[in-house]
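Here the structure comes first, spelled out in C-alpha cells, and everything after it is commentary.
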Amino acid sequence: MKARSFPSVRSLIERLNPSYPVFVVWPEVLREKARLFIDNFPGEVLYAVKCNPHPLVLSTLHEAGIHSFDTASLPEIAAVRERFPDAHCYFNHPVKGRGAIDSAVDVYGITDFVIDHESELYKVEEYAGTDITIEVRFATDGKGAVYNLSSKFGAPPEEAVRLLKLVHERGMRAALTCHVGSQCLEIEAYRSALALARNIMDKADVPLAYFDLGGGFPAPYAGAHVDLRSMLADISATVKELGIDVPLLCEPGRALVADGCSLLLQVHQRKGDAIYVNEGVYGCLSEVNIGNFVMPARVFGRQGRALSGEPKAFRVFGPTCDSLDVMDGPFLVPDDIEEGDWIEVGLMGAYSLALATGFNGFMTDTVVSVEGRPHWLEEAMQVAEAEALSV
Ligand SMILES: *Cc1c(COP(=O)(O)O)cnc(C)c1O
C-alpha cells in the first residue's frame, strides 16, 4: 500500500495547508516495534487487526515480518487475506455469527477459532468440522490493566479445563488463550496469566497445539513507565520457570502501533480557555477521552507565528455539533495558541482511526506517511518546540 509520503510533518503542512485532520503513519517506527516483538517474544507474534486496520499499517507490519493476524470478523479476515494471501488469520472472537464462520471456512479456509462456551464449540464444528484448532479462552482477573477484557469473554479456569478435554474428545486440536486486559502495565498480570495457564494445562492433560497469551502490552502514554523489552524478557523467563513447553503466540494491538502514528489537527476557534479543533470524540480521539490520557503534542504556528506560551491544558471541543464532543486537557499546548495553528498529537496509532465514525460529516480520511522517527515523542507528553510555518 502506497500513501502520499512526506519528509516531515512541517513539509506536509506547507504542502497541504490542511484545515481537515490528517492521520500520519510513521512506517519506520511501526517496523521498529514489529522487530522488537519478533526479536523478544518467545514465540509467534500476531497483530490484532481491530486496533488499527488501515491498509498502510497492515502492509507495513507485514513487510516487517508479521505474517499472522488476530481477526474478529469477516471484514477483518478479508482485509488481511485479500492483501496477503499467505497470511494466517486466527478467528479469535469467542462469539461468532454462523454466516461469518461459514464464510471464514468456505472462502478463506480458516482453521483456528476461539471459544469460551460449549455452545460455540458445536456452532463452529457444524461449519468447520473437526480438522481445526479450537482455542479455549479463559478469563483472567483483569488486574493491572486500564481496560479489563475478561469481564465480557473468557471461561472460568475450571470450565476452561472441561472445554479443553471436550475439544480433544471431539477430535479437534486444542489450544489455550486469554487476554490480560488492554494497556496492561503490570508484568505481574502476565505472570499470573501464565501460571493460571500452566494450571489449566495440567488439569486438562490433553495435547495442546499452542498457548496464545493475547495482547494487552502497553503504550508509553503520560505517566506510564513502559519497557516492552524487559516485559517480554520477563515473560520468557516465566515461561521457562513454569516449564511451559507448547508453542507460544501473542497478539498485541496497541503496543505495536501506538507510537507509529500521530494525528495532525487544526484549531478552528479559540474562546478563552477552550479551543475548537477539527477532531474529537467521534473521530480519532474517543479513546483518549475514555482513558483520560494526556497525549504528547507539538504545535505549528500559522503564518510564521512562533508560539512561546506556557503549556496549558485547554478544554478541547471536537468538530461535531454534539455537546458530548468535548475533552478536558487531552494534551498540553502553548497558551498563546490561536485559530489556524496546528497541533500534532502523538501516540495515536491505537484505537483511533479504527473508532472514527464520520458522524456529522467529519471524516478522518486523509492518511499520509512521514519518513523517519518522530523524535519528539521520546519526550512524551511535553510540548516540544513550537515551529513557525509560512502557511
Ligand atoms: C483487542 C484484542 C487484542 C489486542 O489487545 P491490545 O490491548 O491492543 O494489545 C488481542 N486479542 C484479542 C482477542 C483482542 O480482543
Report, by chain and number, residues whose modeled amide H sits under 5 Å from the one on Glu135, excluding near sequence neighbours (fewer than 5 apart, same chain). Phe113, Val114, Ile115, Ala175
Just going by the charge dipole of the chain, with Lys and Arg at +1 and Asp and Glu at -1 on Cβ, which of Val25, Tyr127, Ala233 is farthest out on the positive end? Val25
Quick note, region 27-255: a/c under 1.5 would make it rounded; otherwise a/b > b/c is prolate and the rest oblate (a ≥ b ≥ c, C-alpha gyration tensor); here it is oblate
Do the sum for the chain: with -39,500 (n - 2.57) for every DSSP H run of n ≥ 4, divided by all residues, what is the mean residue ellipticity at 222 nm, to the nearest 500 deg cm²/dmol? -9000 deg cm²/dmol
To the nearest 20 debye, what is the magnitude of the charge dipole of region 27-255 about its Cα centre, counting +1 on the Cβ of each Lys and Arg and -1 on the Cβ of each Asp and Glu? 340
Of the accessible area of region 81-133, with the probe set at 1.4 angstrom, what percent is carbon plus sulfur? 45
Using only Cα atoms, locate the centre of region 228-270 and the centre of region 136-175, then give the distance between them in Å, rounded to an integer. 21
Theoretical gain in end-to-end length, His268 to Leu324 [0.36 nm per residue, Cα-Cα removed]: 18.4 nm
In region 119-226, what percentage of the DSSP-assigned beta bridges are antiparallel, given to the nearest 5? 20
Reach of Lys2 by Cα under 17 Å, taken over lysines that are not fewer than 8 positions away in the same chain: none
Within 10 Å, count the other beta carbons around each residue, average over each peptide in 172-183, 23-34, 225-236, 102-113, and list them highest first. 172-183, 23-34, 102-113, 225-236
Send over a whole-number figure in Å² for the accessible area per residue of region 1-110, probe 1.4 Å. 41
Return the carbon/sulfur percentage of the accessible area of region 249-306, one whole number, probe 1.4 Å, all protein chains in place. 43
Looking at this model, which pairs from Lys33/Lys152; Lys96/Lys143; Lys143/Lys240; Lys96/Lys123; Lys96/Lys165 are more than 19 angstrom apart at the alpha-carbon? Lys33/Lys152; Lys96/Lys143; Lys143/Lys240; Lys96/Lys165
Taking the Cα centre of each part, how many Å lie between region 31-104 and region 306-364? 30
Where a ≥ b ≥ c are root eigenvalues of the Cα gyration tensor, a/c under 1.5 meaning rounded, otherwise prolate if a/b exceeds b/c and oblate otherwise, the chain counts as prolate
Evaluate the charge dipole of the chain about its Cα centre and quote only its size in Debye, nearest 20, assuming +1 on the Cβ of each Lys and Arg and -1 on the Cβ of each Asp and Glu. 320
Projected onto the charge dipole of the chain (+1 at Lys/Arg Cβ, -1 at Asp/Glu Cβ, origin at the Cα centre), which of Ala197, Leu265, Gly99 gives the Cα projection farthest towards the positive end? Leu265
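The values are calculated or read from the model by the stated rules, or taken from the named source; none is laboratory data. Model, not experiment: these values are computed from the prediction. Backbone-built Cβ (ideal geometry, glycine too); neighbour counts: all protein chains shown. These accessible areas exclude ligands, DNA and RNA; they are computed on the full protein's heavy atoms, side chains included. Shrake-Rupley method; radii C 1.70, N 1.55, O 1.52, S 1.80 Å.
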